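Student: Would you mind keeping the following structure in view while I ask a few things?
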Amino acid sequence: MARGGKREGAGRKAGTSAPRIPIPPEIKREMRELAREHAEAALETLIKICKMSDSDTARVSAANAILDRGYGKPLQQIESGAPGEFARMSLEELREFVYGDAEAGTKH
């Protein structure tokens, strides 16, 4: 039996995707305001999931969402020496790498 490759007739037919309808700026503004009204409840929900969920995946996802909102997403990936280099560093070395010499001795 042949494996791989594209099957005849598979996939979405050309031109069948739904057309994108632009959302007027005033509707976007209203949606943004509504979302901001519920931001505190949403953050509280993320914190509750982060602290109390039985699922590791849910806790990590909530923690990432909280950090992204508090500090923003990283602008770029940091490439350094050999893979796993950070895994071999002590907590003190990691602090020094991230915060510099001035804050290396402080507890976070």
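Student: State all residues of the stretch 83-108 that are at pLDDT 60 or above and part of a loop (DSSP other than H, G, I, E, B); if no residue qualifies, say none.
Tutor: Residues satisfying the conditions are Pro83, Gly84, Glu85, Met89, Ser90, Gly100.
Student: If you don't mind, another one. So is Met31 surrounded by 10 or more Cβ atoms within 10 Å (Cβ to Cβ), touching a Lys or Arg at 6+ places or on another chain (Cβ under 9 Å) and hydrophobic (A, V, I, L, M, F, W, C) or not? Outline the logic, then answer.
Tutor: Details: surrounded by 10 or more Cβ atoms within 10 Å (Cβ to Cβ): yes; touching a Lys or Arg at 6+ places or on another chain (Cβ under 9 Å): no; hydrophobic (A, V, I, L, M, F, W, C): yes.
Against the criterion (surrounded by 10 or more Cβ atoms within 10 Å (Cβ to Cβ), touching a Lys or Arg at 6+ places or on another chain (Cβ under 9 Å) and hydrophobic (A, V, I, L, M, F, W, C)), Met31 does not qualify.
Student: Please state which one of Ala62, Ala41 is in contact with a helix residue (DSSP H, G or I) (Cβ under 6 Å, 6 or more places away or on another chain) and at pLDDT 90 or above.
Tutor: Sole residue among the options that is in contact with a helix residue (DSSP H, G or I) (Cβ under 6 Å, 6 or more places away or on another chain) and at pLDDT 90 or above: Ala62.
The values are calculated or read from the model by the stated rules, or taken from the named source; none is laboratory data. All figures in this text were calculated on a predicted structure; none of them were measured in a lab. In this analysis, Cβ positions are derived from the backbone assuming ideal geometry, glycine residues included, and neighbour counts consider all displayed protein chains.
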